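Colleague: Just passing along the structure, written as structure tokens.
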Amino acid sequence: MKVIKFGGVALKTTEQIKEVKHIVENNSGDLLVVVSAFDKVTDLIIEAGQNAVTTPNTFMETLNTITEIHLGFISDLEIVKVEIKEEVGQKMEELKSILQGVSLIGELTQKTLDRLMVFGEQLSSIILSAYLNIPHIASEKLIKTDNNFGKANVDFESSYRLIREAFVHFSGKAIAPGYIASTKKDTLTTLGRGGADFSAALFAAALGARELEVWTNQDGFMSADPNIINKAYAIPSMTYTEAMELSHFGAQVVYPPSLLPVYQMGIPLHLRNIHNTKGEGTRVDRGDHSKNISPVKGISSISNISLATIRGLGMVGVSGVSMRLFSAMAEENTSVIMISQASSENSISFAFDKNKKEEVKRAIHKEFNQEIASGSIHKILFEDDMSVVAIVGEQMKQTTGIAGKLFEALGRGGINTVAIAQGAGEQNISWVVRTPQLRKTLNVVHEAFFLSEYKQLNLFLIGMGTVGKDLLDQLNQQQEKLKKEHRLKIRLAGIANSRKMLFDSNGIPFDEYMTLLDRDGEASSLPSFAENVIGLNLYNSVFVDCTANDQVASLYKTFLENHVSVVAANKVAASSSYENYETLKSIALNKGAKFLFETNVGAGLPLISTINDLRKSGDKILKVQAVLSGTLNYIFNTISKDIPFSKTVRLAKEEGYAEPDPRIDLSGKDVQRKVVILARESGYRCEDTDITVEPFIPKTLFNGDVDSFWKALPGVDIDFENRRKILEKENKKWRFVGTFENGKGSCSLVEVDSQHPFYDLEGSNNIVLLTTERYKEYPMLIKGYGAGAAVTAAGVFADIIKIANI
Ligand SMILES: NC(=O)C1=CN([C@@H]2O[C@H](COP(=O)(O)OP(=O)(O)OC[C@H]3O[C@@H](n4cnc5c(N)ncnc54)[C@H](O)[C@@H]3O)[C@@H](O)[C@H]2O)C=CC1
Ligand SMILES: N[C@@H](CC=O)C(=O)O
């Protein structure tokens, strides 16, 4: 014998019902088909009952809809038996007269509601019996319950006996309505919403079925809620305990009480999807599932939860507090979904359905009246808009590090866990989060336990000039390699230039971003960019700043506070006031985000990271002497009798070395910023006023706007040429040198001879001499390209990858 159950969602359309017929016909051997009401019918019956109470006769409209649904199926399924139409007509008359009674009395008791609701399953089983051409069995006569109407408790012994007696000579196929039952005195009852699963499980258990197959519109138990996680997949197999745990914490695949009868009798449960009949579904049985790759089987979650916390020193060491609390909840018929109690016992928190808040309040105040009055319970706190999330798996108890991995992932995702619980059975860890963080929580945990094959970063980039564009090209070229060799996926979730911005949480293709930005982008606005980044709430979000803009730099604080890491090519933030620099660093630390700006000094050269590594290993930076401007070094290497100073500046701009506003380079400001950043990273509380700058061109050039600067610039060419000739004769070179010692420093143009370590410094190269306690006599030397699109973009890229920790 096999039992197959079809839920209402699998009985939604004529096509689905035709599929049901295939499934039934393809099952050879003895078969019992258990059915729910047709889709939506139970809800319509409840609606009709409620209408009957409030406004007499308005139920007729709903009743007509119910009639139409059933007659519609009879006609579409081409059921020609006249008796079926008559039987359905009779049932509808019966239903109507009960509704009229409800309307007259103006009251709808749970008992009467049960009386109404049985019609759904009765009608569907009558029609399907005719369509499938198999006999119909009256389940209500075989499943016996108490009179707890609405969700009656099953009398297993009597039910099993009656079912076995009814089937003693059975062979072939039959159909039975699910959900409905009756008391000892034959009063009709129901088994609770979803109870048709339960009926099927009772039949399967009583008859020792070889399998119970349940057809819904889902592929089975999923690794996480597929409405939230689009990468969720069906779990092929699991134990009864795992299924029970997942169901308890919100996985709505099978009605949880149904698991007990099949578990007790060891009957395999197979969950299938009517929309995917070829799919494997999920098998729940006593088999050994320990060979599964992940010890965590699935994640489930329940929203619409409230959390109550009771605090009081008077609870410490007092026995029976929990017992009293939960008995009080039981008296109010309130189910406690999760409990968390600190070992100090001075507080206990529990999660429950938010609709039960009044009952919970009443129960606490009634039970702990005296303790509240005496102050031994001093605080009762209710928090709404909560969700409970659980990871479930029987193998979790044999695996160390699950909790560590879970809470590390949550921490990195910036998710605050409000309460935590893990039973001694170690088959689940459940925790409470605020509902707005639920989506991110599920993503983070799903990735940590199920998709750890790939790590994903979500990038948001502002600035698509020299550096930004090159970065996007490099990301495009490297993406496959990163996926293959490092299991890292980089998703471009948002971009902006000064005109437009575009977001797509599924990823903007790296090779099409400009076309898409132009076509679909909205007007650029920094506050709205930040709102989008934070609103999207994607895990592993990274903001990348490839502008030189101070307004963009002012967004970092908000990003870091919201656990979005920041990678900045822009030097404004790290060289702003020490207070701001320190604040950003400490927010990043506290929020588990990263604030990285390696390219702020020496472009792609590993300067900041080297200084950090030296300091972490106990070294102390004593002095730094450096050439830090790619632009200036290029200018002083390029200037000649044929190429005047003003032209070298233009060339530096064209080469992509100069700042968007080249006056920042020529004024020495850019080098001053870099020295400030190096001093700070070396551990000194340095402000820009601690680093003096000696200008080498007249300050008047910096008055006015950039256009007037370009116009005035050739005015200094003759003076420069005269100075250059003398320098050439002396076989010297100009180097703009930045230096600091003990947190104080300077930037100035220095003439170096061929003996000087900075003499041979080609093109736009930078050089840095680090004198430390360990590198004292022979300072450490770092040298190489100090500006330019490719090397800077590569430096930004390296910072991004550091965030992924691969
Ligand atoms: N070019 C280089 O060699 C290096 C540059 N950097 C830094 O990288 C940053 C970018 O430099 P480049 O790419 O060379 O400059 P760029 O001028 O070529 O690009 C900057 C881009 O930012 C855009 N932008 C400015 N404000 C914006 C806003 N509010 N919203 C959207 N977009 C905005 C501009 O339209 C421009 O396209 C600068 O902070 C620079 O100091 C750092 C190391 C080396
Ligand atoms: N304008 C800068 C670019 C790098 O920081 C320079 O020329 O060094």
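Colleague: Within the stretch 651-664, take every residue that is outside any loop (DSSP other than H, G, I, E, B) and surrounded by 18 or more Cβ atoms within 10 Å (Cβ to Cβ) and give me the one that is farthest from ligand 1 (Cβ to nearest atom).
Modeller: In this case the residue turns out to be 663.
Colleague: Which one of these does residue 480 not meet: (1) surrounded by fewer than 20 Cβ atoms within 10 Å (Cβ to Cβ); (2) farther than 30 Å from residue 223 by Cα?
Modeller: For residue 480, the failing item is (2).
One line per residue, one yes/no per condition, for (1) farther than 22 Å from residue 466 by Cα; (2) within 16 Å of ligand 1 (Cβ to nearest atom); (3) crowded, with 20+ Cβ neighbours inside 10 Å; (4) hydrophobic (A, V, I, L, M, F, W, C):
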| site | (1), (2), (3), (4) |
| --- | --- |
| 766 | no, yes, yes, no |
| 771 | yes, no, no, no |
| 791 | no, yes, yes, yes |
| 800 | no, yes, yes, yes |
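Colleague: Go through the stretch 54-66 and give me each residue that's in contact (Cβ under 8 Å) with a residue 24 or more places away in the chain and under 44 Å from the mean Cα position of the chain (by Cα).
Modeller: 59, 63, 66
For (1) charged (D, E, K, R); (2) farther than 21 Å from residue 594 by Cβ; (3) more than 16 Å from ligand 1 (Cβ to nearest atom), each residue gets a yes or a no:
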| site | (1), (2), (3) |
| --- | --- |
| 408 | yes, no, yes |
| 418 | no, yes, yes |
| 435 | no, yes, yes |
| 448 | no, no, yes |
| 470 | yes, yes, no |
| 477 | no, yes, yes |
| 487 | yes, no, yes |
| 492 | no, no, no |
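Colleague: Now for a different question. Take the conditions near ligand 1 (Cβ under 10 Å from one of its atoms), touching a Phe, Trp or Tyr at 6+ places or on another chain (Cβ under 6 Å) and under 20 Å from residue 533 (Cα atoms) and apply them to residue 568. Does it pass?
Modeller: Yes.
Colleague: Of the conditions (1) closer than 23 Å to residue 408 by Cβ; (2) surrounded by 21 or more Cβ atoms within 10 Å (Cβ to Cβ), residue 544 fails just one. Which one is it?
Modeller: (1)
Colleague: For the stretch 273-288, how many residues are in contact with a Gly (Cβ under 8 Å, 6 or more places away or on another chain), crowded, with 22+ Cβ neighbours inside 10 Å and assigned to a strand (DSSP E or B)?
Modeller: 1
Colleague: Scan the stretch 311-326 and report the pairs whose first residue is among the basic types (Lys, Arg) and whose second residue is part of a helix (DSSP H, G or I), with Cβ atoms within less than 6 Å and a gap of 6+ or a chain change.
Modeller: Listed by first residue and then by second, the contacts come to 324/367.
Colleague: Within the stretch 667-674, is even one residue more than 11 Å from ligand 1 (Cβ to nearest atom), over 22 Å from residue 702 (Cα atoms) and in contact with an Asp or Glu (Cβ under 8 Å, 6 or more places away or on another chain)?
Modeller: no
Colleague: Determine whether the stretch 766-778 contains at least one residue that is assigned by TED's automatic domain parsing to the domain that holds residue 632, more than 16 Å from ligand 2 (Cβ to nearest atom), closer than 20 Å to residue 629 by Cβ and in contact with a strand residue (DSSP E or B) (Cβ under 8 Å, 6 or more places away or on another chain).
Modeller: Among the residues of the stretch 766-778, at least one is assigned by TED's automatic domain parsing to the domain that holds residue 632, more than 16 Å from ligand 2 (Cβ to nearest atom), closer than 20 Å to residue 629 by Cβ and in contact with a strand residue (DSSP E or B) (Cβ under 8 Å, 6 or more places away or on another chain), which makes the answer yes.
Colleague: Can you tell me how many residues within the stretch 225-253 are touching a helix residue (DSSP H, G or I) at 6+ places or on another chain (Cβ under 9 Å) and modelled with pLDDT of 85 or more?
Modeller: 8
Colleague: Restricting to the stretch 623-645, count the residues that are touching a residue at least 24 places away in the same chain (Cβ under 8 Å), outside any loop (DSSP other than H, G, I, E, B) and crowded, with 17+ Cβ neighbours inside 10 Å.
Modeller: The number of residues fulfilling the criteria is 12.
Colleague: Out of 762, 777, I need the residue that is within 51 Å of the chain's Cα centre (by Cα), surrounded by fewer than 16 Cβ atoms within 10 Å (Cβ to Cβ) and in a loop (DSSP other than H, G, I, E, B). Which one?
Modeller: Within the list 762, 777, the selection yields 762.
Colleague: If residue 119 satisfies every condition in (1) under 20 Å from residue 258 (Cα atoms); (2) in a helix (DSSP H, G or I); (3) aromatic (Phe, Trp, Tyr) but one, which is the exception?
Modeller: Of (1) under 20 Å from residue 258 (Cα atoms); (2) in a helix (DSSP H, G or I); (3) aromatic (Phe, Trp, Tyr), only one is false for residue 119: (1).
Colleague: Could I ask something else about it? Restrict the check to the stretch 524-536 and report whether at least one residue is surrounded by 22 or more Cβ atoms within 10 Å (Cβ to Cβ) and under 16 Å from the mean Cα position of the chain (by Cα).
Modeller: yes
Colleague: Considering only the stretch 371-411, how many residues are crowded, with 19+ Cβ neighbours inside 10 Å, over 19 Å from residue 303 (Cα atoms) and touching a residue at least 60 places away in the same chain (Cβ under 8 Å)?
Modeller: Qualifying residue count, the stretch 371-411: 6.
Colleague: Check the stretch 522-545 and report whether any residue there is part of a loop (DSSP other than H, G, I, E, B), modelled with pLDDT of 95 or more and closer than 21 Å to residue 473 by Cβ.
Modeller: So far as the stretch 522-545 goes, no, none of its residues is part of a loop (DSSP other than H, G, I, E, B), modelled with pLDDT of 95 or more and closer than 21 Å to residue 473 by Cβ.
Colleague: Any idea which residue in the stretch 297-338 is surrounded by the fewest Cβ atoms within 10 Å (Cβ to Cβ), counting only those that are part of a helix (DSSP H, G or I) and of a type in the set (D, E, K, R)?
Modeller: 331
Colleague: Still on this structure, I have one more. Mind checking which residues of the stretch 553-592 are outside any helix (DSSP H, G or I), modelled with pLDDT under 95 and surrounded by fewer than 20 Cβ atoms within 10 Å (Cβ to Cβ)?
Modeller: 562, 592
Colleague: A further question on this structure: Confirm whether residue 751 is away from ligand 1 (no atom under 16 Å from the Cβ), assigned to a strand (DSSP E or B), surrounded by fewer than 19 Cβ atoms within 10 Å (Cβ to Cβ) and over 55 Å from the mean Cα position of the chain (by Cα).
Modeller: Considered against the rule, which asks whether it is away from ligand 1 (no atom under 16 Å from the Cβ), assigned to a strand (DSSP E or B), surrounded by fewer than 19 Cβ atoms within 10 Å (Cβ to Cβ) and over 55 Å from the mean Cα position of the chain (by Cα), residue 751 comes out as yes.
Colleague: Filtering the stretch 671-694 down to residues that are more than 40 Å from the chain's Cα centre (by Cα), assigned to a helix (DSSP H, G or I) and charged (D, E, K, R), which residue is surrounded by the fewest Cβ atoms within 10 Å (Cβ to Cβ)?
Modeller: This residue is 688.
Colleague: Sticking with this structure for a sec: Go through the stretch 592-650 and count every residue that is among the hydroxyl-bearing types (Ser, Thr, Tyr), under 24 Å from residue 799 (Cα atoms) and more than 16 Å from ligand 1 (Cβ to nearest atom).
Modeller: Residues meeting the conditions: 2.
Colleague: Which condition number in (1) in contact (Cβ under 8 Å) with a residue 24 or more places away in the chain; (2) surrounded by fewer than 18 Cβ atoms within 10 Å (Cβ to Cβ) is the one that residue 142 fails?
Modeller: Of the numbered conditions (1) in contact (Cβ under 8 Å) with a residue 24 or more places away in the chain; (2) surrounded by fewer than 18 Cβ atoms within 10 Å (Cβ to Cβ), the odd one out for residue 142 is (2).
The values are calculated or read from the model by the stated rules, or taken from the named source; none is laboratory data. All values reported here derive from a predicted model rather than from experimental measurement. We place every Cβ from the backbone using ideal geometry, glycine too, and count neighbours over all the protein chains shown.
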